[in-house]
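Chemist: If you scroll down you'll find the structure; I have some questions about it.
The values are calculated or read from the model by the stated rules, or taken from the named source; none is laboratory data. Only a predicted model underlies this, so the values are computations on that prediction, with no experimental measurement involved. Here Cβ is always computed from backbone atoms with ideal geometry, including for glycine, and neighbour counts include all displayed protein chains. These area figures cover heavy atoms from the full protein model, side chains too; ligands, DNA and RNA do not enter into them. Shrake-Rupley method; radii C 1.70, N 1.55, O 1.52, S 1.80 Å.
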Amino acid sequence: MISKKIKIIILSIIFSFNLSAAPSSESDRSILLSSSNQSKYAEIFNNNCVSCHSGGVPRAPHLTTFQVMSADYILSTLNGVMSSQAEGLSEKEKIGISEYITGGKVSASIPDPNFCKANNGTIKLSKNNSYMEWGYDKENSRYAKSNLNSNNAKNLKLKWVFAYPSATRARSQPSVSGNTIFVGGQNLYLYALDFETGCVRWRTKVDGEIRSAPAINFSNKGNFIFVGDYEGNLYKIDPYTGDKIWTKSLRYHPRVILTGSVRVDNGIIYVPLSSREWADGADPEYQCCSFRGGIMALSTDDGNALWTSYSIPLPPKGTGKLNNMGIEILAPSGVPVWNSPTFDTTRNLIYYGTGEAYSSPAAETSDSVIAIDKISGDIEWVYQAESGDAWNMGCFVEADANCPEEDGPDWDFGASVVLANIDGKDVLFAGRKSGHVYGLDPDNKGKPLWIKRIGKGGFAGGIHWGMATDNKSIFAAVADTNFINKFPGPATPGIYSLDGLSGKLNWKFTPIDRCSEDSKPACDVGISAALTTTNDLVIGGGFDGWVYVLDKNTGELLWEYNTNINFTEMAGIEANGGSIESDGPVIVSNNLLINSGYQYGGRLGGNVLLNFEISE
């Protein structure tokens, strides 16, 4: 029987933004916060910390936020503001606790990666055969130009493995130019890897986890990398040396995080703005809530802000209603932007999808597709798919003081909007965690051309992180992971092809359930990560670690590979695959790059970037 306290922990963890599943007994506690069974540190945490960090003590950070903090940060607090509470712990125990609750490693514990030899040659960048931003192009089509096709897909062979040192998840989608791959890591580094061997050309320390795709920018002033981190920082980096040219904090609100991939165009950086305030609702003395998401535009030269377009036009204000601690609730709030914006050069617009509101009454722009003017940031139109979706972590802890009255399903538009031209007609595609795909008309202020539901929905989708198009069909992945039976109906995980003009189902691919019973629900056949299409193929990967290459015209399975295995011998340091989540496959020339491993809330941990190549 699970104790009440452990039930609170389970609910808190499984309802995190990208969460998976909860253990079924007290003996499984250690997997809640770390992929390894560190029983000593689990016992210290459960006996001394959990009561305060599960909503029991006002102002104490909720434990749902720990896994996206760095081990270095936690250690600094144990030696700083929390030093009195940690007085009885040795330095070794403090390090152990820091690594246990974050799933990461403190800097001193991280082994060196495989650095390149001195004779490896210089970095050479090229616009050809490159992948330089999240969706491959400004329209977020996720269509790649490559040599991979249905005739040679069966010849894909693993070329090399890069292991993110001591990491438990691999979430940053790699960007590629010339002979170099740029990718971020969990343990506060941006890496430049040699495309041919996977060795590290340079690495640069940053202040937070990089959870997005670095943007490679070519300009008449030079070539640069732009990337954001989980602590709300934006970086401009020299791609040849790794030197930081400037760093800008975008924390106009103390809970701002940067997880959606930035876009760069004509001297301007466009940054999607999200937050972790959804977790603060678990604190009964936190005034919920005051964050509002949006898009920020900054100069590539110096990082100075040009404008901010908020997803909620007016700031939150007091509602006159009090939570059960007597603190006034603020609204409307939330509506974060988790996805990379889409550019419409014909209409001079930018499109993005939004998430749930954090407080009631829910904003009129939550769960919406928003179009803004590319020059001014002014909102041109809004298509709201569902009203009343207000949710925060207060709904799933014992002290539910800040749970919104509407207590919505948290059915965001997490995936980037896709712009396609089909037989001369422009169509906007949007996928939502509810399991709906929307075909919207950009010529009629986003009015639906069609709506098709292909999943029952869930906290990890439905449709979660990304769709792909070939300007004929729209390809969508469905997770439909069952957490606690909140969403009724049969699960329909898999990869779907829909006709772009009508939404009619072309075909569906259903993965085989190869997860052992004792590995569930961490292992799951659902597909949450973004898809990619190239030539006559569509490629995706699942929570169970399997990668699938399908014929895009029929859905026939042409090639598959299980990444949920040990790669230590090939990588040279500890290396394991696991769940494939968030970022999708990157296809360049003869190669398929994909991350594997996502220890967060119980998913299968891992720390590898795999490079497959068409063999002769």
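Chemist: Among the residues of the range 116-152, how many are outside any loop (DSSP other than H, G, I, E, B), surrounded by fewer than 21 Cβ atoms within 10 Å (Cβ to Cβ) and modelled with pLDDT of 95 or more?
Modeler: 1
Chemist: A further question on this structure: Checking Glu386 against (1) under 20 Å from His464 (Cα atoms); (2) surrounded by 24 or more Cβ atoms within 10 Å (Cβ to Cβ), which test does it fail?
Modeler: With (1) under 20 Å from His464 (Cα atoms); (2) surrounded by 24 or more Cβ atoms within 10 Å (Cβ to Cβ) applied to Glu386, the lone miss is (2).
Chemist: Got at least one residue in the range 64-84 being part of a loop (DSSP other than H, G, I, E, B), of a type outside the set (A, V, I, L, M), open to solvent by 60 Å² or more (accessible area, probe 1.4 Å) and at pLDDT below 75?
Modeler: Yes: the range 64-84 contains one or more residues that are part of a loop (DSSP other than H, G, I, E, B), of a type outside the set (A, V, I, L, M), open to solvent by 60 Å² or more (accessible area, probe 1.4 Å) and at pLDDT below 75.
Chemist: Ok, one more. Starting from residues that are among the aliphatic types (A, V, I, L, M) and open to solvent by 10 Å² or more (accessible area, probe 1.4 Å), keep the ones in the range 589-616 and report whichever is farthest from Ile565 (Cα to Cα).
Modeler: The qualifying residue farthest from Ile565 (Cα to Cα) is Ile614.
Chemist: Restricting attention to the range 411-461, and to residues there that are modelled with pLDDT of 95 or more and on the phi > 0 side of the Ramachandran plot, which single residue is nearest to the chain's Cα centre (by Cα)?
Modeler: Residue satisfying both the conditions and the ranking: Gly435.
Chemist: Filter the range 92-115 down to residues that are of a type in the set (A, V, I, L, M) and open to solvent by 20 Å² or more (accessible area, probe 1.4 Å) and give me whichever is nearest to Ala571 (Cα to Cα).
Modeler: It comes out as Ile110.
Chemist: Can you tell me which residues in the range 238-286 are in a loop (DSSP other than H, G, I, E, B), open to solvent by 30 Å² or more (accessible area, probe 1.4 Å) and closer than 21 Å to Phe226 by Cβ?
Modeler: Those that are in a loop (DSSP other than H, G, I, E, B), open to solvent by 30 Å² or more (accessible area, probe 1.4 Å) and closer than 21 Å to Phe226 by Cβ: Asp238, Tyr240, Thr241, Asp243, Arg251, Tyr252, Asn266, Gly267.
Chemist: Can you tell which of Asp301, Asp378, Asp367 is modelled with pLDDT of 95 or more, touching a strand residue (DSSP E or B) at 6+ places or on another chain (Cβ under 8 Å), open to solvent by 50 Å² or more (accessible area, probe 1.4 Å) and among the acidic types (Asp, Glu)?
Modeler: Going through Asp301, Asp378, Asp367 in turn, just one is modelled with pLDDT of 95 or more, touching a strand residue (DSSP E or B) at 6+ places or on another chain (Cβ under 8 Å), open to solvent by 50 Å² or more (accessible area, probe 1.4 Å) and among the acidic types (Asp, Glu): Asp378.
Chemist: Quick check: is even one residue across the range 392-412 outside any loop (DSSP other than H, G, I, E, B), open to solvent by less than 20 Å² (accessible area, probe 1.4 Å), in contact (Cβ under 8 Å) with a residue 12 or more places away in the chain and not small (Gly, Ala, Ser)?
Modeler: Taking every residue of the range 392-412 in turn, at least one turns out to be outside any loop (DSSP other than H, G, I, E, B), open to solvent by less than 20 Å² (accessible area, probe 1.4 Å), in contact (Cβ under 8 Å) with a residue 12 or more places away in the chain and not small (Gly, Ala, Ser).
Chemist: Pick out the one residue from Asn611, Asn564 that is within 24 Å of the chain's Cα centre (by Cα), over 18 Å from Pro174 (Cβ atoms) and polar (S, T, N, Q).
Modeler: Among Asn611, Asn564, only Asn564 is within 24 Å of the chain's Cα centre (by Cα), over 18 Å from Pro174 (Cβ atoms) and polar (S, T, N, Q).
Chemist: Of the residues in the range 300-347, how many are more than 25 Å from the chain's Cα centre (by Cα), of a type in the set (Gly, Ala, Ser) and part of a strand (DSSP E or B)?
Modeler: Number satisfying all stated conditions: 3.
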